[in-house]
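Written below as structure tokens is the structure these notes are about.
The values are calculated or read from the model by the stated rules, or taken from the named source; none is laboratory data. The structure presented is a predicted model; accordingly, all values stated were derived computationally and were not measured. Here Cβ is always computed from backbone atoms with ideal geometry, including for glycine, and neighbour counts include all displayed protein chains.
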There are 2 protein chains.
Amino acid sequence: MEMYDLMVIGSGPGGYVAAERAGALGKRVLLVEKDQFGGVCTNRGCIPTKSLLNSAKQYRHAQEGERFGVKAEGVTFSLADAMAWKEETIKTLRSGIEYLMKANKVTVVFGEAKVLDAHHIQVGETTYEGSYLILATGSSPFVPPIPGSKLEHVLTSDQILTLTEIPSSLVVIGGGVIGIEFASFFSMIGTKVTVIEMMSEILPMMDAEFAKLMRRELKGVDFHLGCKVEEITAEEVRYTDAKGEKQAVPASLVLMSVGRKPNTQGLEQLGLDIDRRGVVVNDRMQTNLSTVYAIGDVNGRSLLAHSASRMAEVAVANIFGNKQMRMRYHAIPWAVYGNPESAGAGMTESEAEKLGIPVRSQTVQMRANGRFLAEHGKKAAGLVKVICHRDTQTIVGIHLLGPYSSEMIWGASALIEAELRVQDVKEIVFPHPSVSELIKDACFALDHTL
Amino acid sequence: MEMYDLMVIGSGPGGYVAAERAGALGKRVLLVEKDQFGGVCTNRGCIPTKSLLNSAKQYRHAQEGERFGVKAEGVTFSLADAMAWKEETIKTLRSGIEYLMKANKVTVVFGEAKVLDAHHIQVGETTYEGSYLILATGSSPFVPPIPGSKLEHVLTSDQILTLTEIPSSLVVIGGGVIGIEFASFFSMIGTKVTVIEMMSEILPMMDAEFAKLMRRELKGVDFHLGCKVEEITAEEVRYTDAKGEKQAVPASLVLMSVGRKPNTQGLEQLGLDIDRRGVVVNDRMQTNLSTVYAIGDVNGRSLLAHSASRMAEVAVANIFGNKQMRMRYHAIPWAVYGNPESAGAGMTESEAEKLGIPVRSQTVQMRANGRFLAEHGKKAAGLVKVICHRDTQTIVGIHLLGPYSSEMIWGASALIEAELRVQDVKEIVFPHPSVSELIKDACFALDHTL
């Protein structure tokens with residue numbers, strides 16, 4: 001039996017990055033995948049949704065180009081073709097992961113892993129032995145026990161990605177990132193969309209002012225906030241509204257996107273600490289078993305693909321030598337890729353308040369920006385907010401709502417990681433014309449001295 | 001006669017920012033503009049070209065959406081409508097500058113300024129007096145004395161922005177940023193475009209590998225490099241090619257974009273040092289006259305709108321108190337907004353070599369990236385290059401060619417200004433999926449340790 005330096009279970013953005021990084025260090029690595037390379041992110045999450053949202057944005061461009069000088073007739077959208085393009089994207093990315101595993105000499109085994117103990121796992125009839133184990137088993141959609149939630153037209157985010165016909169109406173239960181991205185997609189392609197959210201606002205990680213604008217900008221979508229879904233029938237979704245009154249909304253299709261649960265099944269006999277969020281880890285991604293690490297959704301600390309990848313790097317660094325490396329959560333960006341886009345890094349004001357950190361903030365309107373005006377006009381809306389520590393002027397949060405948000409936000413994470421102050425950002429030269437200039441504008445609004 | 005703290009000549013991105021920042025400090029500011037608010041950038045440069053390029057991109061989206069599921073018939077492009085939208089954008093931005101001047105209590109005078117001495121300028125019949133003077137008079141297209149360059153169909157970038165009919169063919173003389181952006185625009189809307197460039201490569205600030213790919217990606221455009229234009233006739237442009245042979249290319253329209261010259265006329269009697277590039281300044285933007293500053297194109301140090309704005313801040317800071325502020329050029333980003341986009345910040349390898357700085361670099365292909373694949377497919381091309389100091393691993397240059405380049409690059413300027421190292425960037429979490437992740441990938445390619 002070959003002895004591996006590292007065994008990794010799950011080949012999503014946590015697992016495959018762990019295998020790749022450890023392989024690049026010259027370690028003998030085993031990667032076990034029960035389904036296909038790439039996990040939820042590649043196959044049923046980040047990638048397919050972004051592919052579909054891009055198709056929908058192209059559709060809107062073709063429909064709305066007249067003011068820019070572009071006329072098009074008979075513009076139609078084929079969901080089947082958009083799904084086919086999405087599948088092609090996924091296949092290419094899976095091949096990319098396969099190539100990376102080969103390039104880094106990772107042994108890949110397909111099949112369901114059974115964890116025997118901290119150093120042994122079984123796949124099919126074969127047992128594998130390793131010095132270290134990284135659990136990267138991910139998460140699955142959580143379906144709450146609402147009457148009717150098992151009806152055929154009630155789908156999770158996994159299932160809705162296989163539709164080939166545009167539904168006439170869709171009720172989205174849960175206004176988190178997944179719910180809002182699908183709401184944006186289906187409303188763009190002509191479905192009548194309603195979002196029902198239990199909390200008083202959608203997108204909990206988002207600044208309240210931004211979430212409100214996001215709802216307003218998702219023009220085709222009806223929102224019912226503070227509402228509890230009571231029952232789903234073949235024709236409608238019944239809920240209790242914020243005033244306690246019974247309501248119903250018709251739905252030919254229902255998306256259940258209330259949350260995700262960690263995939264901890266099969267790990268029971270290991271003796272791991274598991275809490276409500278998932279496998280308990282320290283900031284090195286180490287579990288209560290010193291040679292077992294857990295990264296990505298299965299530990300429930302930050303349900304984002306890029307968090308999983310970073311956790312992979314932290315785990316591998318700690319396992320193979322760099323014990324100083326710690327997972328830092330304070331500058332991890334998030335993005336919502338609907339129309340409009342939104343992204344953020346660092347704290348919101350309400351988070352700062354909860355942590356007792358004194359902050360100041362400034363919000364600027366995107367319509368003050370040259371590129372935004374050229375591409376969207378003066379009636380379009382968008383916001384940029386910069387939040388700094390009240391005493392040190394260190395940047396602690398940047399929030400964006402509008403075009404390019406998802407591609408601008410990495411710089412915000414860099415600023416926060418580097419602990420730059422408002423004054424430092426004011427001295428950075430931003431390219432003109434670009435929407436990114438608004439970040440500098442917000443910094444000047446915080447402090448107009450030179 | 002009112003005594004101003006500061007007089008500014010020119011209301012482009014240099015002048016209006018100087019007036020705004022000084023006004024915000026509570027200073028009495030006079031701003032003189034001979035034409036309209038916004039200078040070349042707003043009226044005949046950055047903004048109109050980006051508006052037109054956006055229109056052309058929408059046109060391409062409408063034409064090429066089929067693989068994404070979007071079909072459109074009878075797609076047409078109206079240059080007149082695109083120009084009208086561009087004019088609306090410009091008007092809105094001019095109003096924005098007007099508003100900023102009012103908000104910051106800047107006195108605005110329209111008319112041609114005659115500089116009497118370092119403290120007195122005359123506009124029409126009125127003489128104004130001020131403690132400090134900032135020259136922000138910009139630049140104009142340079143038309144070389146080539147036979148035929150004054151023919152009616154030979155236009156500068158100013159004039160080409162008033163076309164309302166799509167030309168059948170266009171010869172662009174000069175493959176700098178202005179030439180390439182117009183080449184990209186006109187080729188996207190169906191004009192047969194040829195670029196004739198005297199140097200051996202287009203876009204001199206761009207990495208050689210990137211410039212080559214840019215030419216390949218500008219699919220509808222013919223390039224003739226190392227060629228000297230000899231004569232323009234009503235039917236064709238005649239040139240000597242790189243082998244010394246006489247050639248000609250037919251042209252219904254010619255764009256002359258070989259360079260720009262500083263607007264120093266009317267400044268002669270001041271006694272300023274003026275060199276080949278323009279008004280000589282130190283790194284505080286101060287001329288040889290201690291109370292006279294020159295910013296933006298007129299000093300010729302960096303012909304970019306955002307450089308002008310930063311120079312404005314440096315000049316105003318030095319005039320009104322912060323004598324530590326210096327202009328730094330090493331991290332100023334540039335962007336080319338054609339299809340594809342490109343952007344860079346910091347050094348290229350050939351610049352590093354000239355400066356004797358030992359560097360290492362890694363280039364990664366955009367087609368390895370999830371978002372890029374989802375939006376462009378595996379046959380599309382794009383590059384990201386990261387250059388670091390060979391010994392310290394400090395990032396000294398980042399170069400991008402592909403979608404979102406212009407909105408991602410600000411983070412590169414931030415990294416370079418903050419003197420982050422490769423290792424630091426590897427610890428920044430980039431959002432997934434985003435094209436920006438390739439910057440991190442390039443850093444891991446430079447150093448795969450954790």
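Would you check which residues across segment B:1-30 are in a helix (DSSP H, G or I) and in contact with a Gly (Cβ under 8 Å, 6 or more places away or on another chain) and list them? Show your work before the answer.
Applying the first criterion (in a helix (DSSP H, G or I)) to segment B:1-30 yields B:15-24.
Within segment B:1-30, B:Gly15, B:Tyr16 qualify.
Please specify each residue of segment A:179-223 satisfying the condition of being among the aliphatic types (A, V, I, L, M) and in contact with a Lys or Arg (Cβ under 8 Å, 6 or more places away or on another chain). Working first, answer last.
Within segment A:179-223, the first condition is being among the aliphatic types (A, V, I, L, M), and the residues that meet it are A:180, A:183, A:188-189, A:193, A:195-196, A:198-199, A:202-203, A:205-206, A:208, A:211, A:213-214, A:218, A:221.
Within segment A:179-223, A:Met188, A:Met198, A:Ile202, A:Val221 qualify.
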Task: Test: residue in segment B:74-83 that is within 9 Å of another protein chain (Cβ to nearest Cβ) and at pLDDT below 95 - done: yes
TODO: Would you check which residues across segment B:61-73 are at the interface with another protein chain (Cβ under 7 Å from one of its Cβ atoms) and within 13 Å of A:Gly65 (Cα to Cα) and list them?
DONE: B:His61, B:Ala62, B:Ala72
- [ ] Report yes if some residue within segment A:103-121 is charged (D, E, K, R), assigned to a helix (DSSP H, G or I) and at pLDDT 95 or above; otherwise report no.
- [x] no
TODO: Would you point out the residue of segment B:278-320, among those that are over 24 Å from A:His448 (Cα atoms) and among the β-branched types (Val, Ile, Thr), that is surrounded by the fewest Cβ atoms within 10 Å (Cβ to Cβ)?
DONE: B:Val280
Open item on the list: Just to be sure I understand the filter: pairs with C-beta atoms under 9 Å, separated by 6 or more residues or on different chains, first member in segment B:87-98 and more than 10 Å from chain A (Cβ to nearest Cβ), second member outside any helix (DSSP H, G or I). Which pairs pass?
Closed with: B:Arg94/B:Gln36; B:Arg94/B:Phe37; B:Arg94/B:Gly38; B:Ile97/B:Ser11; B:Ile97/B:Phe37; B:Ile97/B:Gly38; B:Glu98/B:Phe37; B:Glu98/B:Val108
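Please verify whether segment A:337-344 includes one or more residues that are closer than 30 Å to A:Ile166 by Cβ, polar (S, T, N, Q) and either out of contact with any Leu (no Cβ under 8 Å at 6 or more places or on another chain) or not assigned by TED's automatic domain parsing to the domain that holds A:Gln159 (or both). Break it down into steps so the answer makes sense when it comes.
Taking segment A:337-344 and keeping what is closer than 30 Å to A:Ile166 by Cβ, we get A:337-343.
Right, trim to polar (S, T, N, Q) and you get A:339, A:342.
Next cut, either out of contact with any Leu (no Cβ under 8 Å at 6 or more places or on another chain) or not assigned by TED's automatic domain parsing to the domain that holds A:Gln159 (or both) only: A:339, A:342.
Within segment A:337-344 (the criterion being closer than 30 Å to A:Ile166 by Cβ, polar (S, T, N, Q) and either out of contact with any Leu (no Cβ under 8 Å at 6 or more places or on another chain) or not assigned by TED's automatic domain parsing to the domain that holds A:Gln159 (or both)), the answer is yes, since at least one residue qualifies.
Out of B:Lys71, B:Lys91, which single residue is in the same structural domain as B:Asp297 (by TED's automatic domain parsing) and closer than 30 Å to B:Leu133 by Cα?
Working: B:Lys71 fails: closer than 30 Å to B:Leu133 by Cα.
Result: B:Lys91 is the single residue among B:Lys71, B:Lys91 that is in the same structural domain as B:Asp297 (by TED's automatic domain parsing) and closer than 30 Å to B:Leu133 by Cα.
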- [ ] Consider B:Val29 carefully, then state whether it is crowded, with 24+ Cβ neighbours inside 10 Å, hydrophobic (A, V, I, L, M, F, W, C), in contact with a Ser or Thr (Cβ under 9 Å, 6 or more places away or on another chain) and closer than 21 Å to B:His120 by Cβ.
- [x] yes
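In the set B:Ala56, B:Ala62, B:Ala72, which member is surrounded by 21 or more Cβ atoms within 10 Å (Cβ to Cβ) and part of a strand (DSSP E or B)?
Values: B:Ala56 fails: part of a strand (DSSP E or B); B:Ala62 fails: part of a strand (DSSP E or B).
After ruling out the rest, the residue left standing is B:Ala72.
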Task: B:Ala343 in contact with a helix residue (DSSP H, G or I) (Cβ under 9 Å, 6 or more places away or on another chain), within 14 Å of another protein chain (Cβ to nearest Cβ), outside any loop (DSSP other than H, G, I, E, B) and closer than 18 Å to B:Leu133 by Cβ - done: no
Task: Boolean, B:Thr126 is modelled with pLDDT of 95 or more and out of contact with any helix residue (DSSP H, G or I) (no Cβ under 8 Å at 6 or more places or on another chain) - done: yes
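Yes/no per residue for (1) under 17 Å from the mean Cα position of the chain (by Cα); (2) within 10 Å of chain A (Cβ to nearest Cβ); (3) within 22 Å of B:Cys46 (Cα to Cα); (4) without any contact (Cβ under 8 Å) to a residue 24 or more places away in the chain:
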{"position": "B:Arg284", "(1), (2), (3), (4)": "no, no, no, no"}
{"position": "B:Val298", "(1), (2), (3), (4)": "yes, no, yes, no"}
{"position": "B:Ala312", "(1), (2), (3), (4)": "yes, yes, yes, no"}
{"position": "B:Val316", "(1), (2), (3), (4)": "no, yes, no, no"}
{"position": "B:Lys323", "(1), (2), (3), (4)": "no, no, no, no"}
Open item on the list: Looking for something in a loop (DSSP other than H, G, I, E, B) and closer than 21 Å to B:Pro403 by Cβ - is there at least one such residue anywhere in segment B:35-42?
Closed with: no
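Taking B:Glu66 as the residue in question, decide whether it is among the acidic types (Asp, Glu), more than 26 Å from the chain's Cα centre (by Cα) and over 23 Å from B:Arg260 (Cα atoms). Don't jump to the end; show me each part of the working.
Values: among the acidic types (Asp, Glu): yes; more than 26 Å from the chain's Cα centre (by Cα): yes; over 23 Å from B:Arg260 (Cα atoms): yes.
Against the criterion (among the acidic types (Asp, Glu), more than 26 Å from the chain's Cα centre (by Cα) and over 23 Å from B:Arg260 (Cα atoms)), B:Glu66 qualifies.
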Task: Index of the failed condition, B:Pro358 passing every other in (1) over 18 Å from B:Ile439 (Cα atoms); (2) without any contact (Cβ under 8 Å) to a residue 24 or more places away in the chain - done: (2)
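Residue by residue, here is whether (1) over 13 Å from A:Trp410 (Cβ atoms); (2) crowded, with 24+ Cβ neighbours inside 10 Å holds:
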site: B:Ala368; (1), (2): yes, no
site: B:Lys378; (1), (2): yes, no
site: B:Lys385; (1), (2): yes, no
site: B:Ile409; (1), (2): no, yes
site: B:Glu419; (1), (2): yes, no
site: B:Ile428; (1), (2): no, yes
site: B:Asp441; (1), (2): no, no
site: B:Ala445; (1), (2): yes, no
Task: Single unsatisfied condition, B:Lys219 versus (1) more than 26 Å from B:Leu303 (Cβ to Cβ); (2) touching a strand residue (DSSP E or B) at 6+ places or on another chain (Cβ under 9 Å); (3) modelled with pLDDT under 95 - done: (2)
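Residue under question is A:Val108, and the condition is that it be closer than 30 Å to A:Pro167 by Cβ and either at the interface with chain B (Cβ under 8 Å from one of its Cβ atoms) or touching a residue at least 12 places away in the same chain (Cβ under 8 Å) (or both); does it hold? Don't jump to the end; show me each part of the working.
Details: closer than 30 Å to A:Pro167 by Cβ: no; either at the interface with chain B (Cβ under 8 Å from one of its Cβ atoms) or touching a residue at least 12 places away in the same chain (Cβ under 8 Å) (or both): yes.
For A:Val108, the condition - closer than 30 Å to A:Pro167 by Cβ and either at the interface with chain B (Cβ under 8 Å from one of its Cβ atoms) or touching a residue at least 12 places away in the same chain (Cβ under 8 Å) (or both) - is not met.
Are there any helices (runs of 4 or more DSSP H) wholly within segment B:347-439 with 3 or more residues that are at the interface with chain A (Cβ under 10 Å from one of its Cβ atoms) and closer than 22 Å to A:Gly14 by Cβ, and if so which? Please lay out each step first, then the result.
Numbers: elements: B:349-355, B:370-376, B:405-417, B:422-426.
Output list reads B:370-376.
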- [ ] Could you check, for segment A:424-431, whether at least one of its residues is farther than 30 Å from B:Ala56 by Cα, of a type in the set (A, V, I, L, M, F, W, C) and in contact with a Ser or Thr (Cβ under 9 Å, 6 or more places away or on another chain)?
- [x] yes
Task: Failed item in (1) facing chain B (nearest Cβ under 10 Å); (2) at pLDDT 95 or above; (3) touching an Asp or Glu at 6+ places or on another chain (Cβ under 9 Å), with A:Thr42 passing the rest - done: (3)
Task: Qualifying position, being of a type in the set (D, E, K, R), within 20 Å of B:Gly69 (Cα to Cα) and in the same structural domain as A:Glu313 (by TED's automatic domain parsing), among A:Lys192, A:Lys86 - done: A:Lys86
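Suppose the filter is assigned by TED's automatic domain parsing to the domain that holds B:Thr287 and assigned to a helix (DSSP H, G or I); does B:Glu129 pass it? Reasoning before the result, please.
Values: assigned by TED's automatic domain parsing to the domain that holds B:Thr287: yes; assigned to a helix (DSSP H, G or I): no.
No, not satisfied.
Being more than 24 Å from B:Val386 (Cβ to Cβ), within 14 Å of chain A (Cβ to nearest Cβ) and touching a Gly at 6+ places or on another chain (Cβ under 7 Å) is true for just one of B:Ala308, B:Ala331. Which residue is that?
Among B:Ala308, B:Ala331, only B:Ala308 is more than 24 Å from B:Val386 (Cβ to Cβ), within 14 Å of chain A (Cβ to nearest Cβ) and touching a Gly at 6+ places or on another chain (Cβ under 7 Å).
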